[in-house]
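Student: Mind having a look at this structure? Questions to follow.
Nothing in this text is a laboratory measurement; each read-out follows from the coordinates by a stated rule. As the structure is a prediction and not an experimental result, all values here were calculated from the model. Here the Cβ is made from the backbone with ideal geometry for all residues, glycine too, and neighbour counts use every protein chain on show.
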Amino acid sequence: MSATPTSTAPRTATQDFASHPEVAARLAEMRARYAKADPLTRIPDVDPRRIPRHIAVIMDGNGRWAKQRGFPRIFGHRNGARALRETVEEAGRLGVEAMTFYSFSLENWRRPPEEVQALMLLCVAYCEGEREALLRDDIRFRWIGRRDGLPAEVLAALDSVVDATSRCRGPTLCVAVNYGARAEIADAARRIADEIKAGTLRPEDINEEAVAARLYAPDLPDPDLLIRTAGELRVSNYLLWQISYAEMYVTSTLWPDFDSAALHQAIREYAGRSRRFGGLDDSDANPIGDLGA
Ligand code: FPP
């Protein structure tokens, strides 16, 4: 009997991954969480088990992007907000559960007042303009940062989208606004001190879990991957506690040019890395390795 063309056709990476029971289970878990999750259609060469659950992003290069085009810096920030939308939608399709974007740091108050004002207005416009799209895509909106110092309209806009999307079951989009990681850790320390003073916490109960539980979004998993655009090799006071074991990916792409293909590339590189969390690789765990075989 002659072989049918299908039986001799080389198997694709997608077929290989999809037929693996653990991959099938991970895909089912992703789809149960978010019906639009379909990583094998989007990046068939990446094992879905290696998709990061939480990605943190330092969106850098907006100003340079605008300057290259002869426009004011705020034009870059506006296009950065557009890139944010594309990235988070694609992340959802890839089965990523959460993304946290560095949108305005405590240090950003040092920028010229016109730029600060424009960023605050952009934040309000973003919240108002994205609400329907977030609801349509079942994306839950969160924000982290200090409330103190933010204009009332910005707080109202952020809180209102948080409320509106609180029942969304899909990926979480978290923006860090008026955020600094040292301030976040100091705020957690102050909460701990208050609880000890009130007698609801004992000093001997302070451990890593107790600190982590008092950060701004303790329910989000630690980021697996930290993406920084525009080439700088710094973490800039971003999620310092949470990124302890995150893999870093730095690209020279300026943030407004970051798109689905750029996200795929970051995830592809992440998926190819070996995460050791201070331990050893599986292949290194047995010191006699091949010699014992
Ligand atoms: C860094 O680029 C970017 C920022 C400080 C702001 C990022 C904000 C957005 C993309 C808008 C989205 C906002 C919300 C709240 C959803 P840069 O200006 O430092 O760029 P440069 O290094 O080229 O000057």
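Student: For the range 151-177, which positions are more than 9 Å from F141 (Cα to Cα) and over 17 Å from the mean Cα position of the chain (by Cα)?
Tutor: Selection gives P151, A152, E153, V154, L155, A156, A157, D159, S160, R167.
Student: Checking R146 against (1) part of a loop (DSSP other than H, G, I, E, B); (2) away from the ligand (no atom under 13 Å from the Cβ); (3) surrounded by 15 or more Cβ atoms within 10 Å (Cβ to Cβ); (4) over 21 Å from the mean Cα position of the chain (by Cα), only one condition comes out false. Which one?
Tutor: Result: R146 passes all but (4).
Student: In addition: Pick from I196, I192, I227: which is of a type in the set (V, I, T) and under 19 Å from S105 (Cα atoms)?
Tutor: Values: I196 fails: under 19 Å from S105 (Cα atoms); I192 fails: under 19 Å from S105 (Cα atoms).
None of the other options fit; the residue is I227.
Student: Further question: Specify which of the listed residues (E132, E90) is loosely packed, with under 15 Cβ neighbours inside 10 Å and outside any strand (DSSP E or B).
Tutor: E132
Student: What number of residues in the range 100-127 are surrounded by 15 or more Cβ atoms within 10 Å (Cβ to Cβ), within 10 Å of the ligand (Cβ to nearest atom) and not aliphatic (A, V, I, L, M)?
Tutor: 11
Student: If you don't mind, another one. Collect the residues in the range 36-56 that are touching a Ser or Thr at 6+ places or on another chain (Cβ under 7 Å) and within 16 Å of the ligand (Cβ to nearest atom), keeping them in residue-number order.
Tutor: Matches in the range 36-56: A56 only.
Student: Right, another one. Need pairs with beta-carbon distance below 7 Å; first residue in contact (Cβ under 8 Å) with a residue 24 or more places away in the chain and within the range 116-136, second surrounded by fewer than 18 Cβ atoms within 10 Å (Cβ to Cβ) and among the hydroxyl-bearing types (S, T, Y); sequence gap 6+ or separate chains.
Tutor: So the pair list comes out as C127/S160.
Student: Pick from the range 163-204 the residues that are among the hydroxyl-bearing types (S, T, Y) and surrounded by 13 or more Cβ atoms within 10 Å (Cβ to Cβ): which of them is farthest from G95 (Cα to Cα)?
Tutor: Y179
Student: Evaluate the following for E184: is it among the acidic types (D, E), more than 15 Å from the ligand (Cβ to nearest atom) and touching a Phe, Trp or Tyr at 6+ places or on another chain (Cβ under 7 Å)? Quick ask: steps written out before the conclusion?
Tutor: Working: among the acidic types (D, E): yes; more than 15 Å from the ligand (Cβ to nearest atom): yes; touching a Phe, Trp or Tyr at 6+ places or on another chain (Cβ under 7 Å): yes.
The answer is yes for E184.
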